[in-house]
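Here is the structure we will look at, set down as C-alpha cells.
The values are calculated or read from the model by the stated rules, or taken from the named source; none is laboratory data. All of these numbers come straight from a predicted model, not from anything done at the bench. Quick reminder, even Gly has a Cβ in these numbers, built from the backbone with ideal geometry, and neighbours come from all protein chains shown. Side chains are part of the model used for accessible areas, which takes the heavy atoms of the whole protein and leaves out ligands, DNA and RNA. Shrake-Rupley method; radii C 1.70, N 1.55, O 1.52, S 1.80 Å.
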Amino acid sequence: MRIVLGVSGGIAAYKSAELARALIQNGHEVQAVLTHSAAEFITPLTFASLTGRKVITDLFDSANPMEHIAVAQESDLVLVAPATANVLARFAHGLADDFLSTLYFAFRGPVVLAPAMNNNMWEHEAVQVNLETLRRRGHTIVDPGSGFLACGSIGPGRLAETDKIVDAVERALTPPVADLDGETVLITAGPTQEPLDPVRYLSNRSSGKMGYALAQAAVDRGAQVILVSGPVALNPPKGVEVIHVRTAAEMREAVFANLEPATVVIKCAAVADFRPSVESKQKIKKTSARVSLELEPTPDILAELGRKRGDRLLIGFAAETENLETEARRKLETKNCDMVVANLVGKSETGFESDSNEVVLALRTGETIPLPRASKREIADQILGQVLKLRRDLIAKQ
Ligand code: CTP
C-alpha cells in the first residue's frame, strides 16, 4: 500500500525514520512529507535514503503545483507521526497552509495520527478538544505513551512505540469484516473498588485496557456491544453502550440486568475478590493502635453466569502469577466457561496497565492456544476469532 508519512516538528521526529523503515519492511511504499519545522529536527535526506523517494517539504517548489492533490489521490493512508499540537489544530480547524495540511484536506482515505508533545500541552483543553474533533471525524489517534519527556517532565506525551503505530496503520488499512454481525457481546472491564470508608477503597491494578480493546474490536467487527466498566481512565469506544459501575455488587447487578440480549459474555474485569465487611460512614481516624480489617467475599459474577448462561458463549479471564495453564483449566471447569483467557500478571510488558499482552487460551474442547506477545487490540482480535470459531462449531453441531 502507499502510505504518506507526515512528519511535523517535534523532537520525536527522529523516531519517524524508524517508523518509515518498519512500514517499508511490512511491504508498503512510503512517501515522506516533512513540515518546515520537522526539517529543522531531521533532514529530508534521511527519509529520502530510507524510502527511496523524493521527500516533499514545500507546497510551492514542485514542477507540479497540484502535487498535493496527486499525492492524495495516489495514497491509501495518511499517517502523521509525530503530530504536534499545531498540526492537530490545523487539521481540526481546516487551516491548509503547507503541503501536509493541503494534502490532508484533499485526502479521502484513512488517517492515523500519532501525537507527541510536552505533557502539559497534551493535557491542555484546546488539544483535547481538537483530538475529540479528529476522533469524531473517524481518524485513528495513537495515544502517546507516558514517561520521561525530552523537555525533562514526566507524564503523557511521548510518541507511541513504533510497533503500536504500525499496528494502528495495518488495522486502518484492513477493511472491517463484520464477522460478528448479529452477536450481542456483553463485556466487563477494569477493576472494582470496594469502599472501606468515604475516602478509601480496596482495588487492584487493572487499567481496563484489555476489556476496552475487546469492546473496540467487537464493535469494529459488527457486534452490538454492552460494556460494563469499573473505574478506569479510558475513553469508551464509539458505538458501544457503556454502563459505569464501581463495586463488585454493582457490576453483578449491571451484568444480570443486561444479560438478556447477550449472545456472548466476556468477563474481562478484575473483580475484587474481597470487600470490607463493614463500610464506615465516617473517615476512619488514625490511632496508634494496630488495625485489622475484616473482609468478606464479593459475589463471584462469573461463577453465577456459569450457572445462568443458557446457550450463551461464556469467556472468563484468569490473572495469575504462576501455573497459568493449570489455573486456567481449573477456572474453565469450576466456572463453566467455553474459554478462559489466562494472563501472567506481575511482568511489566504484559498484563495489568500494559499496552501489550501475552496470554494462553484454554478451551473447553481441550485445546490450549498460546498467543505470543502482541498489542492488546491484536490479542482482542484473536480472542474474538476463537469466539467466532466456537460459534461456528455450535452451529455445525445443530
Ligand atoms: N470474577 C468474577 N467475580 C469475582 C471474581 C472474579 O466474575 N468476584 C471473574 C473475573 O472477571 C475473571 C474470572 O472470574 O473472568 C477469574 O478471576 P480471577 O480473579 O483470576 O479468579 P478467581 O476466581 O478470583 O480465583 P483466584 O483468586 O483463586 O485466582
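Identify, from the list LEU95, LEU45, LEU59, the residue that is assigned by TED's automatic domain parsing to the domain that holds LEU149, part of a loop (DSSP other than H, G, I, E, B), without any contact (Cβ under 8 Å) to a residue 12 or more places away in the chain and of a type in the set (A, V, I, L, M).
On the way: LEU45 fails: part of a loop (DSSP other than H, G, I, E, B); LEU59 fails: without any contact (Cβ under 8 Å) to a residue 12 or more places away in the chain.
Residue meeting the stated conditions: LEU95.
Would you confirm whether any residue within the range 231-251 is at pLDDT 95 or above, more than 30 Å from ARG137 (Cα to Cα) and not in a helix (DSSP H, G or I)? Walk me through how you get there before you give the answer.
Of the residues in the range 231-251, the ones at pLDDT 95 or above are 231-232, 240-251.
Remaining after also requiring more than 30 Å from ARG137 (Cα to Cα): 246-251.
Right, trim to not in a helix (DSSP H, G or I) and you get 246-247.
Scanning the range 231-251 turns up at least one residue that is at pLDDT 95 or above, more than 30 Å from ARG137 (Cα to Cα) and not in a helix (DSSP H, G or I).
Have a look at ARG275, ARG307 and point out the one that is within 16 Å of the ligand (Cβ to nearest atom), in contact with a Pro (Cβ under 9 Å, 6 or more places away or on another chain) and either in a helix (DSSP H, G or I) or open to solvent by 20 Å² or more (accessible area, probe 1.4 Å) (or both).
ARG275
Scan the range 332-352 for residues that are modelled with pLDDT under 95 and either on the phi > 0 side of the Ramachandran plot or touching a Gly at 6+ places or on another chain (Cβ under 7 Å) (or both) and jot them down.
Listed by number, the residues that qualify are ASN343, LEU344, VAL345, GLY346, GLY351.
Exactly one of (1) within 14 Å of the ligand (Cβ to nearest atom); (2) in contact with a helix residue (DSSP H, G or I) (Cβ under 9 Å, 6 or more places away or on another chain); (3) more than 21 Å from ARG252 (Cβ to Cβ); (4) in a loop (DSSP other than H, G, I, E, B) is unmet by SER354. Its number?
(1)
May I ask you to say which residue of ALA22, ALA48 is open to solvent by less than 60 Å² (accessible area, probe 1.4 Å), at pLDDT 95 or above and more than 17 Å from VAL112 (Cβ to Cβ)?
Just a single option satisfies the conditions, and that option is ALA48.
Might you check whether a residue that is in the same structural domain as VAL78 (by TED's automatic domain parsing), at pLDDT 95 or above and of a type in the set (Ser, Thr, Tyr) occurs anywhere in the range 143-154?
Initial filter on the range 143-154 (in the same structural domain as VAL78 (by TED's automatic domain parsing)): 143-154.
Next cut, at pLDDT 95 or above only: none.
Checked the range 143-154: no residue is in the same structural domain as VAL78 (by TED's automatic domain parsing), at pLDDT 95 or above and of a type in the set (Ser, Thr, Tyr).
Looking at (1) within 25 Å of the chain's Cα centre (by Cα); (2) farther than 13 Å from ALA362 by Cβ; (3) open to solvent by 20 Å² or more (accessible area, probe 1.4 Å), which one does LEU324 not meet, given that it meets all the others?
(2)
Examine the range 244-263 for a residue that is within 26 Å of ASP355 (Cβ to Cβ) and without any contact (Cβ under 8 Å) to a residue 40 or more places away in the chain, and state whether such a residue exists.
Yes, some residue in the range 244-263 is within 26 Å of ASP355 (Cβ to Cβ) and without any contact (Cβ under 8 Å) to a residue 40 or more places away in the chain.
How many residues does the range 278-299 hold that are more than 9 Å from the ligand (Cβ to nearest atom) and in a strand (DSSP E or B)?
Summing the residues that are more than 9 Å from the ligand (Cβ to nearest atom) and in a strand (DSSP E or B) in the range 278-299 gives 2.
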